[in-house]
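**Student:** Below are the structure tokens for one structure; questions will follow.
Where a number appears in this text, it was derived from the coordinates with a stated rule and is not lab data. Here the structure is a predicted model, which is why all the values come from computation and not from measurement. Backbone-built Cβ (ideal geometry, glycine too); neighbour counts: all protein chains shown.
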Amino acid sequence: MQTVAPAAARARNFFDSGATRPLAWRLVQLRNLRRMLTERRADIVAALGSDLGKHGTEALLTEIGFVTAEAAHLEKNLASWLRPRPVPVPLAVRPARAWTELTPLGVVLVIGTWNYPLQLLLAPLAGALAAGNTVVLKPSEHAPATSAALARWLPEYLPGAAEVVQGGIPETTALLAERFDHIFFTGGEAAARVVLRAAAENLTPVTLELGGKSPAYVDSSTDLSKAAKRIAWGRFMNAGQTCVAPDYVLATDEVLEPLQRELVKAIRSLFGPDSALSASYGRIVDDRHFERLAALADGSTVVHGGQRDAASLYFAPTLLRPAPGDTVMDEEIFGPLLPLVPVSGREEAIRIINGRAKPLALYVFSNDAETRRAFAEGTSSGALCFDVPAAHLMVPGLPFGGVGGSGTGAYHGEHSVRTFSHERASLAKPYWPDTLELIYPPYNKTKQRIISIISALVAPAGKLFKKR
Ligand code: NAD
């Protein structure tokens, strides 16, 4: 705990020194971050394997490679994103020049969770550094090996730029009592409320990257075999512990029957006849989550999978056919269970989705333009993807974030730079000709007439609300 205040103070002092503002400094940090991920790859892969049983290839794809690509994208585009943007000046204010400029916020606190313990800390870190801030990182206590690797390597590769505070709730609580210029939180709803309450004390702006139940709708116009493979990949990657994983499938009975058969085939093709023996299949993070998932499966109807081993935290890819009222449909699953839920058609699917908190992602597997349009116009979600789950994260130009219950704010690429910057309004008005003379008191009839003429020119009566 004694480490918290000094870490925050060091980050503040370094920011106050002005060292982080030049573009050159920011680019060096991004390059150093990529260098760390290359030079310390073996150490990081081993840590991810120890925390979550992550295969090296999956660690490369979804963690190390992901952050490397994000940093490279920021490096390539940062100069153009930081360029001041001119803004038109209305007649009444001319002559003048107006522009906006992205300016650093200061010290950013990034609180991460355990399911992608590297990506969910380092992708926001890259964005915050690109925006010219210093960062205090709080890794999850539930991924201790990755947390230790980051605490070891980040100060070496990013001296001054990033501080790492290890620990659990006491350390996070102590951090939240410090003053930051932005808090970026990834995790669950309960901790998000704690973060928001603490942020209110200092009026600190907050980004919340939360979760929830992300639905998938499948209809008969799609290729069920390909859809099943993609849904199984999205659901069972990282043993289901992915915030954007499809949480449940909605489809008509006539689609669910063949889809279930295709999902069983897909699970076999991804993880072999016994996923317990597959090095490509991950493990549940800890006993608490293992027990929670076991209770969800036992409280519903398992139609495939269900095998588990508490000692090794193995939980097989499992398909469920829930009955109304099963707990598995109440909360985010965050594990390798996939409920298949019958609906009468897309209208009922949309009603079900709209009856819950707004999802982080919504997946529609359909070739039918009308169905795609109905979901696009009739629902709200952080993201909407057609025929593929989770892949929107890999498009750096797309904002990643939730809406309502699934989160506030977004990041990745330019969206990160904007999240971690203040867009400052700037205006320069020459002293001559001094058009402001017109609006300075004392007022008189001549001034009133001129102002009326200008107002009429700027917003002619009757034209304001004219339909296009
Ligand atoms: P969590 O909310 O318990 O923990 C997240 C962080 O908050 C940790 O660093 C932890 O130390 C801290 N924390 C927890 N309780 C706290 C408290 N009372 N006071 C102060 N700090 C506290 O994480 P979790 O619930 O296990 O994470 C899973 C959730 O995260 C799921 O809902 C998942 O969907 C979501 N998630 C979202 C994203 C995203 O990018 N949107 C990514 C991954 C996970």
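**Student:** Give me the distance in nm between label points sitting 7 Å out from Cα along the Cα-to-Cβ direction at S280 and A391, one decimal.
**Tutor:** 1.6 nm
**Student:** Okay, next question. Going by average Cβ neighbours within 10 Å, how do the peptides 276-282, 437-443 rank, with the highest at the top? Intermediate values should be presented prior to the final figure.
**Tutor:** Numbers: 276-282: 16.9, 437-443: 9.0.
Most protected by this proxy first, the peptides run 276-282, 437-443.
**Student:** Percent relative contact order of the stretch 301-443, based on C-alpha pairs within less than 8 angstrom and at least six residues apart?
**Tutor:** Numbers: 169 pairs, mean separation 19.5, N = 143.
Once divided by the residue count of the stretch 301-443, the mean separation gives 14 percent.
**Student:** From the backbone phi of the stretch 241-255, what are the Karplus-calculated ³J(HN,Hα) couplings (6.51 cos²θ - 1.76 cosθ + 1.60, θ = phi - 60°) in whole Hz, Gly and Pro given as x?
**Tutor:** Once θ is set to phi - 60°, the couplings for the stretch 241-255 become 8, 10, 5, 9, 5, x, 8, 7, 10, 10, 6, 6, 4, 5, 8 Hz.
**Student:** Given the -39500 (n - 2.57) contribution per DSSP H run of 4+ residues, what per-residue ellipticity at 222 nm results for the chain, rounded to the nearest 500 deg cm²/dmol?
**Tutor:** On the way: 16 runs with 196 residues, N = 468.
Rounded to the nearest 500, it is -13000 deg cm²/dmol.
**Student:** Counting other C-beta atoms within 10 Å, which of V341, V285, V458, V89 has the fewest, and how do the rest follow? Could the numbers behind the result be given before it?
**Tutor:** Working: V341 19, V285 24, V458 10, V89 15.
Final ranking by Cβ density, sparse to dense: V458, V89, V341, V285.
**Student:** Can you list residues from other chains, or at least 5 along the same chain, whose modelled amide H is less than 5 Å from the amide H of T207?
**Tutor:** The list, which skips near neighbours in sequence, is I183, F184, F185.
**Student:** For helix 144-157, what angle does its Cα long axis make with the longest principal axis of the chain, in degrees from 0 to 90 and rounded to 10?
**Tutor:** Between helix and principal axis, roughly 40 degrees.
**Student:** Let me ask something else about it. Sequence-distant or interchain residues sharing an amide H contact under 5 Å with T222, placed H: which?
**Tutor:** Answer set, sorted by chain and number: N367.
**Student:** Compute the relative contact order of the chain as a whole-number percentage, counting only Cα pairs closer than 8 Å that sit 6 or more residues apart in sequence.
**Tutor:** After rounding, I find 18 percent.
**Student:** Hey, another quick one. Going down the list K76/K138; K76/K226; K76/K229, which pairs span over 30 Å between their C-alpha atoms? List each step's numbers first, then the result.
**Tutor:** Details: K76/K138 28 Å; K76/K226 35 Å; K76/K229 34 Å.
Exceeds cut-off: K76/K226; K76/K229.
**Student:** Read phi for every residue in the stretch 431-448 and hand back ³J(HN,Hα) as whole Hz from Karplus 6.51 cos²θ - 1.76 cosθ + 1.60, θ = phi - 60°, with x for Gly and Pro.
**Tutor:** 6, 10, x, 8, 5, 5, 3, 5, 9, 6, x, x, 7, 8, 5, 4, 4, 4
**Student:** Kindly put L52, L176 in sequence by how many other C-beta atoms sit within 10 Å of each C-beta, fewest to most.
**Tutor:** Details: L52 27, L176 22.
In increasing order of surrounding Cβ atoms, one gets L176, L52.
**Student:** How much of the DSSP bridge set in the chain is antiparallel, in percent, rounded to the nearest 5? Mind dumping the intermediate values first?
**Tutor:** On the way: 18 of 50 bridges.
Counting DSSP beta bridges with both partners in the chain, the antiparallel share is about 35 percent.
**Student:** Then there's this: Step through the residues of the stretch 309-316 one at a time and calculate ³J(HN,Hα) from phi using the Karplus curve (6.51 cos²θ - 1.76 cosθ + 1.60, θ = phi - 60°), rounding each to whole Hz and writing x for Gly and Pro.
**Tutor:** 9, 4, 5, 9, 6, 8, 9, 5
**Student:** What does the charge add up to near P90, with Lys and Arg as +1, Asp and Glu as -1, over the other residues with Cβ less than 15 Å from its Cβ? Numbers along the way, then the final one.
**Tutor:** Numbers: positive: R94, R97, K429; negative: none.
Summing Lys/Arg as +1 and Asp/Glu as -1 gives +3.
**Student:** Turning to a different aspect of this structure: What ranking do V302, V249, V343, V67 get, fewest neighbouring Cβ atoms within 10 angstrom at the top?
**Tutor:** Numbers: V302 15, V249 28, V343 19, V67 24.
Placing the least packed residue first, the sequence is V302, V343, V67, V249.
**Student:** Quick one: net charge of A145's neighbours, Cβ under 14 Å, K/R +1, D/E -1?
**Tutor:** Details: positive: R40, K54, R152, R283; negative: D43, D51, E63, E141, D286.
Every neighbour counted, the sum reads -1.
**Student:** Follow-up question, since we're still on this one. So if I take the centroid of the Cα atoms in the stretch 379-403 and the same for the stretch 269-322, what is the distance between those two points in Å?
**Tutor:** If you average the Cα positions of each part, the centres end up 26 Å apart.
**Student:** Are there GluC sites (Glu not before Pro) in the stretch 276-385 that DSSP puts in a loop and that have at most 15 other Cβ atoms within 10 Å, and which ones?
**Tutor:** On the way: sites: E291, E331, E332, E347, E348, E370, E377; in loops: E331, E332.
Sites meeting the loop and neighbour criteria: E331.
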